[in-house]
Amino acid sequence: MTSVSMYEVPIDHGAWQRHMVPIAWSLSTGDLRNPWEDTTSGETLRNTPSGPILPAESRPKTLNPPLSTPLRVVGRVRRTVLLGTGIILTCLLVQGIVPALGMDDVDPSQALPIHSIEASSGAPIDALVDGNESSYWRSSERLGPGRREWIELHLCSHFTIEEARLKSAPNGGFPTGFRITFSTDGGETYFEVSGGDFRGYPDPGGDWCVVDIPDVISDSVKLEAYYLRQDDSGHYVFQLAEIVLVGSPESGPFFTSRGGEWDADLNMMWRIFGSAEPGLGAVAPMGGESAWMEWNALKLCWYDDPGLRDALRRQFIGYTVDADGYVWSWGDQEGWPTHGHRHYDTNPKFILGASRYYLWTGDDSFLQSCASSTTDMSLSIDYVGRSPSRWDSPNHVAIRLTEGETLGQSFLATDNFTSVGGSFPTYLTTGSSMTLRLRSGGPTGEVLSESRFSDVVDNAWASLSFDPLPPGRYYLEMCCPDGTVGWWSINDDVIANGSFHVNGEVFQRDGRSILERIRSAMRFQLNALDGRNGLLVIGDNDSNGTYNGYPTDYWDNFPFGYESAYINTYFYASLAAMADLEEAVGNETGASYLRGLMPLVRRRFNEVFWDDGKGRYIGCVDSQGGRHDLGFTYINTEAMAYGLADGEKARMIYSWLDGERIIPGEISQGDDIYHYVIAPRSTTLPAEGTEPYWWYSINGAISLGPGGTANYDDHLENGGVIFYTSYYDLMSRLLFISADDALGRLDAIMTEFHKDHLIRDPPNSKGVPWKLGIIGEFPESGLVPSFVVHGLLGAEARPDGLHLLTRLPQNLSWIGVRDLCFRGARYTINATREAASPSITGSGDRYLVTIPIGESVVLSGGEVWRIEEGVTLLWLIPLLAVWIWHGLRHKIEPSTSPASILFG
């Protein structure tokens with residue numbers, strides 16, 4: 001990048017107001033060093049002059065160029081960044097006398113320290129940061145408005161940026177069109193800021209304007225004007241008086257010895273796909289249905305966000321589990337919406353998610369919680385002469401209206417009103433219709449208003465309108481569906497004097513506690529699906545695993561059924577999770593039974609699904625004995641990660657995935673299996689390769705064969721990629737190959753991420769965006785950065801505490817996570833080569849834990865226990881570990897929970 005104009009930021013004389021700028025980085029508590037020198041390597045940072053090491057804090061402080069006013073150290077940034085045992089990286093701030101910024105609401109400590117500035121043209125660039133609102137930078141004059149001009153600001157480190165505050169020049173020249181972008185690599189690669197592109201921007205007239213930035217992690221910001229405005233003299237020019245970047249030194253939960261760009265990208269991956277920060281817009285924080293519950297828990301149970309944990313809690317409490325223990329496929333219906341039939345990965349994922357939530361939080365009230373006995377529906381009332389009333393919830397659940405059925409909501413109108421309605425989903429379909437009626441009193445009352453609504457827009461509000469009606473009790477009824485349509489439920493009882501009705505009767509929800517429903521879900525697996533004999537068998541004739549069967553799991557274009565490897569993988573994992581839950585509540589009998597069943601399930605899984613000839617697991621055995629294998633990479637990585645493979649099988653699987661072993665006849669071989677880099681292809685054989693197609697096309701909407709829209713490499717389930725699968729790939733490589741191999745795979749992913757933050761959804765050869773599953777409806781993408789927690793740190797919530805098993809690649813000296821939440825306390829955990837033994841410091845609910853590499857420890861409250869020799873682990877993996885204790889002292893609180901449960 002060519003620097004036309006650059007200046008290292010000075011502080012000039014001006015009005016009496018504090019302004020914070022950096023003077024030094026320190027790797028100890030005493031040295032002050034040149035802020036432009038990388039003190040960890042001795043190398044000078046890009047495009048900045050080196051300078052002398054500054055003298056000790058007690059001596060006069062100078063910079064190059066020198067500051068024109070006296071300075072004094074006023075403190076440190078609000079947070080220090082842990083690098084390793086005994087090493088703290090801090091940014092010292094200094095106080096100078098600078099002109100008032102004209103923004104009384106700006107905390108000076110939030111004004112981020114600017115290291116250097118570049119611009120496309122013009123001068124004086126130092127005017128942008130001199131604090132003097134009457135001086136301004138001016139670009140070169142242009143003949144027309146279409147010339148691009150830019151300013152780059154480089155910070156002294158990576159910060160979270162929340163706002164850019166721009167002071168327009170007093171004589172015009174503020175651009176009509178401009179955008180703000182950010183970088184994590186010093187300005188080599190810039191990324192778009194959500195909502196940061198402005199067209200037709202009005203002239204601020206010399207005032208400040210504020211651009212919200214959605215908490216991006218960055219070391220450089222670029223302001224690019226792509227449509228100029230004339231100044232007061234009629235010249236097309238870009239002018240600006242001041243720029244202030246507002247934010248904090250918070251940089252996300254993860255830190256490593258690599259630091260810099262790599263850490264920033266890892267934390268940005270978490271913010272985009274994990275916590276899914278508002279404004280970043282790639283995915284939702286969590287999936288709304290049972291198929292996502294295990295992944296929701298893995299992503300969010302450890303993360304320091306009470307709102308997300310509460311949403312997770314309410315999801316489990318409000319989710320439907322039938323009296324026989326079947327967990328519904330979709331929030332509002334028993335079957336999957338594209339075909340109406342049951343999925344069977346629902347039960348194990350519900351058990352896994354709910355068990356993890358309890359073991360991570362220790363929330364005893366959660367296990368005894370139950371859904372409110374009734375619920376209300378989304379409702380909007382327009383009153384005469386005052387504001388309307390509307391009831392809705394971000395945790396709403398759709399209730400589907402079926403033929404011959406009515407749904408209704410009673411309510412009390414407190415004033416004269418002229419309209420009432422609700423919010424109605426059509427489940428991504430078009431052309432649906434329904435009728436709304438308003439009745440007096442209740443379900444049998446006189447019809448006061450009625451209207452037919454055609455072509456209902458998905459999730460839109462629709463209302464009846466009428467002449468004013470007086471206060472009183474009324475009933476809004478929905479009936480006569482044509483197509484697919486429902487009504488959004490608030491998923492709680494919130495409307496006073498109102499209730500939800502089905503066919504005129506008040507709807508009563510499941511009153512069982514969460515613990516009772518989790519247990520019933522396990523009994524369904526053991527009894528209805530025959531899991532007690534070692535393998536789940538789907539006896540549903542419509543889901544028999546043949547080419548004309550229906551899908552039964554998340555991968556909803558393949559008709560996995562009868563004996564499904566995917567569903568049995570999660571069944572096996574759910575046994576371990578449920579056993580831990582039962583142990584935690586004092587039911588040793590139930591825990592022992594479930595753990596005792598696991599070896600049988602593992603043996604049966606390998607007998608049924610392992611293919612000796614191909615050296616990998618197949619996907620399904622159908623009810624006719626047909627074996628279905630399209631080279632399902634995710635079947636194999638998830639089976640390994642959950643502990644179903646042994647070392648020899650894992651070696652065979654990775655010799656195939658890594659291209660060392662070629663399976664004849666496969667369309668994807670060798671390096672092509674990782675063609676998309678971010679994850680292996682979902683399959684290595686085309687679904688259209690054998691007729692009849694073993695594929696559910698949703699009545700031809702996602703079709704195979706000549707002219708098909710989902711042929712090989714055109715669809716994420718048929719040779720494409722779903723990003724979440726890399727989490728299980730990373731976990732399996734860590735377990736069966738090495739930490740170095742897993743990090744090498746993660747490095748390849750991070751290199752791709754650095755190109756575009758994986759905001760990708762390219763069209764296939766038919767113009768349909770089905771090739772990649774990364775953004776949009778894929779919140780599970782956030783599992784990948786979670787690998788740091790569950791993989792490299794080996795964090796697993798168990799009945800006796802938080803188990804950690806640290807495994808560090810050779811080229812990392814330390815790795816850690818900040819503010820990991822476990823049972824009411826927050827831990828900053830640092831796994832480092834420099835520690836000789838585990839240690840814990842802190843009190844109350846905040847602790848710093850240091851762990852040597854390769855150590856196994858247990859955290860419980862303010863104590864850390866090392867796992868000594870004599871402790872045996874069966875299947876040592878972070879997702880699933882069965883521990884046999886030989887005399888290890890560990891703290892377990894007495895339990896008052898039920899003592900036994902019969903799973904038979």
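The values are calculated or read from the model by the stated rules, or taken from the named source; none is laboratory data. As the structure is a prediction and not an experimental result, all values here were calculated from the model. So basically every Cβ, Gly included, is an ideal-geometry build from the backbone, and we count neighbours across all protein chains shown. Each accessible area value is taken on the protein alone, full model and side chains, heavy atoms only, with ligands, DNA and RNA left out. Shrake-Rupley method; radii C 1.70, N 1.55, O 1.52, S 1.80 Å.
Karplus-derived 3J(HN,Hα) values for region 755-769, using 6.51 cos²θ - 1.76 cosθ + 1.60 with θ = phi - 60°, are 6, 8, 6, 6, 7, 10, 7, x, x, 8, 5, 9, x, 9, x Hz; glycine and proline are entered as x.
Using 1/(1 + (r/R0)^6) with R0 = 41 angstrom and r between the beta carbons of Ser135 and Ala284, what's the FRET efficiency to the nearest 0.05? FRET efficiency, Ser135 to Ala284: 0.35.
Modelled this way, with points 7 Å down the Cα-to-C-beta line, the labels at Asp761 and Ser451 are 3.1 nm from one another. With 0.36 nm allotted per residue and the present C-alpha distance subtracted, the Leu412-Arg866 stretch has 157.3 nm of extension available.
Can you figure out the FRET efficiency of Thr690 with Asp530, using R₀ = 35 Å and their beta-carbon distance, to the nearest 0.05? Rounded to the nearest 0.05, the efficiency is 0.75. Think of region 656-778 as having a plus end and a minus end, set by charges on the Cβ of Lys, Arg, Asp and Glu; of His757, Gln669, Ser682, His757 sits farthest toward the positive end of this dipole.
Exposure check, 1.4 Å probe, all protein chains in place: Asp415 carries approximately 60 Å² of accessible surface. Carbon-plus-sulfur accessible fraction, region 460-575 (probe radius 1.4 Å, protein heavy atoms only): 44%. Kindly identify region 163-219 as rounded, prolate or oblate by the Cα gyration tensor criterion: order the square roots of the eigenvalues as a ≥ b ≥ c, call it rounded if a/c is under 1.5, otherwise compare a/b with b/c, prolate if a/b is larger, else oblate. Cα axes put region 163-219 in the prolate bin. Just to confirm a number: summing +1 for Lys and Arg and -1 for Asp and Glu over residues other than Leu704 whose beta-carbon lies under 10 angstrom from that of Leu704, what do you get? Charge balance near Leu704 sits at -3. Sorted largest first by accessible area at a 1.4 angstrom probe radius, with every protein chain in place, the residues Lys222, Lys299 fall in the order Lys222, Lys299. One decimal place: the segment Thr751-Val768 gains 3.5 nm when fully extended, by the rule 0.36 nm per residue minus the C-alpha distance.
Shape class of region 585-643 from the alpha-carbon gyration tensor: prolate, with a/c at 1.5 or above and a/b greater than b/c. The charge dipole of region 210-254, taken about the Cα centre with unit charges on the Cβ atoms of Lys, Arg (+1) and Asp, Glu (-1), comes to about 140 debye, rounded to the nearest 20. Shape class for region 231-363: prolate, because the ratio a/c of the largest to smallest gyration tensor axis (alpha-carbon atoms, square roots of eigenvalues) is 1.5 or more and a/b beats b/c. Once you reduce region 587-665 and region 278-349 to the center of their Cα atoms, the two points are 26 Å from each other. Between the alpha-carbon centres of region 815-856 and region 130-170 there is a gap of 42 Å. Simple spin-label estimate for Ser440 and Ala323 gives 3.8 nm between the two label positions (7 Å along the Cα-to-Cβ direction from each Cα). Distance from the alpha carbon centroid of region 384-432 to that of region 503-568 works out to 31 angstrom. Which aspartates and glutamates have a Cα less than 15 Å from the Cα of Lys766, not counting those fewer than 8 places away in the same chain? Cross-link targets: Asp713, Asp714. Compute, for region 572-645, the length of the dipole vector about the Cα centre, with Cβ point charges of +1 (Lys, Arg) and -1 (Asp, Glu) only. Units Debye, rounded to 20. Magnitude of the dipole: close to 240 debye.
Only the Cβ atoms of Lys and Arg (+1) and of Asp and Glu (-1) were treated as charged; on that basis the dipole of region 121-253 about its Cα centre amounts to roughly 500 debye. Check cross-link reach from Lys755 to the aspartates and glutamates: straight Cα distance under 18 Å, and skip same-chain residues fewer than eight apart. Lys755 reaches Asp185, Glu188, Glu192, Asp219, Glu261, Asp263, Asp265, Asp747.
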